[in-house]
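Take a look at the structure set out below.
The values are calculated or read from the model by the stated rules, or taken from the named source; none is laboratory data. The model shown is predicted, which means the values in this text are computed figures rather than measured ones. Cβ placement follows ideal geometry from the backbone for every residue including glycine, while neighbour counts extend to all protein chains displayed. Just the protein is used for accessible areas: all its heavy atoms, side chains included, with ligands, DNA and RNA removed. Shrake-Rupley method; radii C 1.70, N 1.55, O 1.52, S 1.80 Å.
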Amino acid sequence: MTYEVAVRTLCEFTAKRGDLDMRFTPSPSALEGIAGHRVIASRRGSSFQTELTLEGDHGPLHVRGRADGYDPDENRLEEFKTYRGELGRMPENHRALHWAQLRIYGWLLCKQKGKSFVRLALVYFDIVSEAETVFAEVQSAADLEQHFSAHCQQFVSWAEAESTHRQSRNEALRELRFPYPQFHGGQRELAQIVYRRVRTGGALLAQAPTGIGKTVGTLFPALKAMANSQVDKVFYLVAKTSGRQLALDALRRLQPPDSQPPARVVELVARGKLCEYPGMPCDGAVCPLARGFYDRLPAARAEAIGIAFLDQDAVRQVARRHQVCPYYLSQELARWSDVVVGDYNYYFDRSAMLFGWTITHQWRVCLLVDEAHNLVERARAMYTASLDQEALETVRRQAPAALRGVFERVERIWREIIAAQAEPQRIYDELPRELLAALDTAIAAMADHLTQQAQDEALREFFFAALAFCRLAAEFDSSTLLEITRGDQQRSVRGAGGPTGRADEGQRSVLCLRNVVPGRFLAPRFAAAHTSVLFSATLAPHTFFRDILGLPQTSEYLDVQSPFQAEQLTVRLVRSISTRFRDRERSLLPIAQLVARQFALRPGNYLAFLSSFEYLDRLAALVNERYPHIPVWQQHPGMKEPDREAFLARFLPEGQGIGFAVLGGAFAEGVDLPGSRLIGAFVATLGLPQVNAVNEEMQRRMNTLFGSGYEYTYLYPGIQKVVQAAGRVIRTATDRGVLYLIDDRYTQSSVRKLLPNWWSIDASPSPPPRGTPRGDFGNRAISLQDLRRAPPTSG
């Protein structure tokens with residue numbers, strides 16, 4: 001059986017030695033690297049060939065790759081490497097890896113073109129000065145063949161084991177059975193469509209109600225498709241830690257009893273959660289787990305792949321036994337795993353590892369994007385960059401003499417921009433070119449300094465912030481806003497020699513390049529995947545997500561029918577109360593009365609969702625004051641994980657009380673409180689984003705791009721949060737509950753059509769039918785008159 005391997009993969013497996021060295025290295029961006037390659041190629045002769053495809057065999061191995069350039073007149077093969085900073089600080093093991101790759105390309109070229117020797121050139125290109133540093137050698141075909149064979153021989157036993165694993169994996173996955181006696185309602189339909197989409201390729205947007213088992217319903221068909229070699233890898237991507245744990249639990253359930261998991265699984269987590277020496281740099285000279293990392297990696301890797309199910313605890317245990325860094329071990333294991341579970345950023349971020357590997361290794365990948373409605377805001381954040389004037393002032397005050405001049409120039413231009421801006425916040429159509437030029441100069445100076453003094457934390461943070469800002473500015477278009485927010489406070493500032501006692505000449509401000517349509521950045525990532533399945537309980541309208549996320553127009557859409565019945569959820573629309581900002585003061589008492597009356601009618605656990613912490617605090621205080629017999633607990637800003645767990649722990653089975661939370665926050669989605677742990681919810685808002693300069697400009701841009709400015713900016717994001725929050729109430733086929741939608745705008749047809757179609761809402765203003773218990777309003781709109789007729793509560 002032939003095993004195909006890329007030259008880069010082969011060399012990274014066989015040629016990496018020595019320490020893990022992740023010291024400050026101001027590496028070029030992907031675009032800068034591409035531009036650098038073009039500059040080098042443009043300097044070569046007319047016969048120079050770029051991106052030369054080379055391949056060859058060694059026993060069961062088929063080795064392939066693309067060399068950067070070849071000059072047939074000179075018989076010279078070149079490998080380009082772009083860099084920023086001081087070349088002399090590049091670790092020697094990096095240089096050795098580059099030579100190993102080039103020499104393997106050299107043998108493949110000699111064999112393919114029948115050459116007895118070849119000139120090899122390793123070309124390092126400084127993207128700032130555009131200077132080339134060339135290391136050259138002449139190698140005979142015989143010596144290169146020996147080098148090629150040595151590396152292949154080191155890899156061949158691993159390749160044979162990998163081939164055996166894939167064969168046994170596919171056989172096991174063909175026999176894989178659904179882990180439950182039967183599918184939940186809607187789950188079978190979801191699984192069937194996902195399986196078909198994975199087999200044929202392309203993108204699928206799947207809206208499926210909360211509680212039907214979307215995690216298992218997508219993983220099971222993806223693994224079954226893997227059995228037929230439709231895909232090489234499944235990347236299960238999540239927005240939150242809770243989603244990652246649900247995926248791992250589902251994969252464990254899919255494991256046949258008393259047997260190894262049929263597919264290798266690895267969990268990727270943030271460095272801070274796996275680092276054994278927090279605060280210590282990833283440098284072999286300092287960290288004992290970085291020292292000799294690549295020398296000990298083979299043994300750790302060999303043990304780890306035999307474990308098959310590698311969550312973060314399993315990775316940590318292997319790493320400790322072999323004294324290697326667990327974080328970088330998990331990344332290495334992702335190369336050799338069948339299923340990777342991790343955050344969105346591992347594939348969608350600008351420097352995403354999994355996306356880079358997908359391109360490099362030409363993997364056929366299936367993306368399973370969990371709770372995909374979150375990807376809109378997460379992706380916008382990934383492609384947004386900001387600079388804070390206070391951070392600039394901090395580094396300017398502390399800067400060495402060599403940097404002070406460049407910072408003063410940046411600060412002077414920045415202050416001029418702010419002085420000319422009358423408004424506290426303004427959106428600009430044009431970039432501040434003079435400021436960007438000054439930042440570019442400062443970035444080059446900081447890079448030179450940091451290669452020698454990398455321990456300057458504040459300077460390093462500002463360097464990366466400035467670098468991200470300038471890189472995004474180079475790609476500025478209508479999908480990004482330039483926003484400058486000016487602070488109006490006057491402050492005393494310190495100069496290099498201490499306090500000046502003068503008022504701040506400028507006003508603290510923030511420059512932000514805010515992405516509003518991440519689709520142009522995400523589209524290549526979706527295109528690189530064989531299949532992309534995005535699923536959530538709130539993906540309506542699907543055209544909004546398709547447009548914003550850059551999915552192809554041919555994307556399939558599935559709206560899974562809910563397994564829940566209308567009688568399970570009593571939906572009550574309170575149209576007599578407005579929760580608009582101007583009406584919030586007078587809305588507090590009617591909402592408090594409504595909450596108390598429902599609690600008296602049916603005591604139990606409820607969640608009340610509001611639009612802000614201020615609104616929440618005032619309503620919770622009013623309920624506590626007027627109805628002290630009702631237990632009340634509330635969300636606070638910046639709650640840590642133990643506090644969030646304590647909040648949820650109050651929802652005991654058969655318990656009683658009301659938890660107050662903000663819509664769109666930690667408790668509005670991803671929370672599972674089945675049965676009597678939660679019997680109702682109040683949503684006192686439409687969830688619409690705040691009206692401000694940024695959102696108003698976003699509305700204009702959305703209208704220009706898609707013709708739906710208000711809907712794409714305000715309405716759709718707001719109602720999606722409402723539906724997510726409402727989904728906390730009904731979690732199983734036996735749950736029963738009540739949902740209050742509190743705002744007169746819920747009667748509007750544009751809003752009503754965005755609500756789940758299995759909800760039964762009667763907006764009729766007529767009184768309840770004869771025989772309806774007082775206080776039970778049925779599935780219909782409620783007026784203040786109804787509230788006054790309802791029975792009072794004690795207290």
What base-10 log of the normalised intensity I(q)/I(0) is obtained for region 1-90 from the Debye formula, alpha carbons as equal point scatterers, at q = 0.10, 0.14, 0.16, 0.17 Å⁻¹? -0.38, -0.72, -0.90, -0.98
Sites residue 133 and residue 245 - FRET efficiency at Förster radius 35 Å, r taken between beta-carbons, to 0.05: 0.15
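Hey, what does the equivalent ellipsoid look like for region 532-617, semi-axes from the Cα gyration tensor as sqrt of 5 times each eigenvalue, largest first, whole Å? The partial results should precede the final answer.
On the way: eigenvalues 248, 80, 25 Å².
In descending order, the three semi-axes are 35, 20, 11 Å.
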Based on DSSP, what percent of beta bridges with both residues in the chain are antiparallel, to the nearest 5? 35
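So how much slack lies between residue 270 and residue 753, counting 0.36 nm per residue of separation and subtracting their Cα-Cα distance, in nm? Intermediate results must be reported in sequence, preceding the final value.
On the way: separation 483, 0.36 × 483 = 173.88 nm, distance 3.96 nm.
Extra length available between residue 270 and residue 753 comes to 169.9 nm.
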Apportionment of accessible area to carbon and sulfur, the chain, percent (1.4 Å): 49
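Between residue 448 and residue 143, what FRET efficiency follows from the Cβ-Cβ distance if R0 is 51 Å, with the result rounded to 0.05?
On the way: r = 39 Å, r/R0 = 0.76.
Calculated transfer efficiency: 0.85.
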For the chain, the longest principal axis of the Cα atoms and the Cα long axis of helix 433-450 enclose an angle in degrees, to the nearest 10, of 60
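What number, in percent, do you get for the relative contact order of the chain if the mean sequence gap of Cα pairs under 8 Å and at least 6 apart is divided by its residue count?
Working: 1415 pairs, mean separation 97.2, N = 795.
The value is 12 percent.
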The set of residues whose placed amide H lies less than 5 Å from the amide H of residue 82, leaving out same-chain residues fewer than 5 positions away, is 125
Note to self: with every protein chain in place and a 1.4 Å probe, the chain gives an accessible area per residue in Å² of 42
Taking only DSSP H segments of four or more residues, each worth -39500 (n - 2.57), what value at 222 nm results for the chain once the sum is divided by all its residues, to the nearest 500 deg cm²/dmol? -13000 deg cm²/dmol
Once you have the Cα-Cα distance between residue 464 and residue 161, take 0.36 nm times their residue separation minus that, and quote the gain in nm to one decimal. 104.9 nm
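Starting from the alpha-carbon convex hull of region 193-351, give the projected area averaged over all orientations, in nm².
Working: hull surface 43.1 nm².
That works out to 10.8 nm².
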Longer than 28 Å from Cα to Cα, which of 81/273; 81/115; 81/111; 16/111; 224/721 are they? Say none if no pair is. 81/273; 224/721
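In region 565-671, how does Rg compare with the Kirkwood Rh, expressed as the Rg/Rh ratio over alpha carbon atoms?
Details: Rg = 14.0 Å, Rh = 14.7 Å.
In region 565-671, Rg relative to Rh is 0.95.
Given N residues in region 177-269, what is its alpha carbon radius of gyration divided by 2.2 N^0.38 Å?
1.05
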All-pairs alpha carbon distance profile, region 345-464, 5 Å steps from 0, percent: 2, 8, 15, 16, 13, 13, 12, 10, 6, 3, 1
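What's the extension gain from residue 74 to residue 643 if we count 0.36 nm per residue and subtract their Cα-Cα distance? Let's see the in-between values first.
Working: separation 569, 0.36 × 569 = 204.84 nm, distance 6.82 nm.
So the chain would gain 198.0 nm between residue 74 and residue 643.
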Cut-off 14 Å, label point 7 angstrom out along Cα-to-Cβ of residue 177: give me the residues of region 234-260 whose amide nitrogen falls inside. 254-259
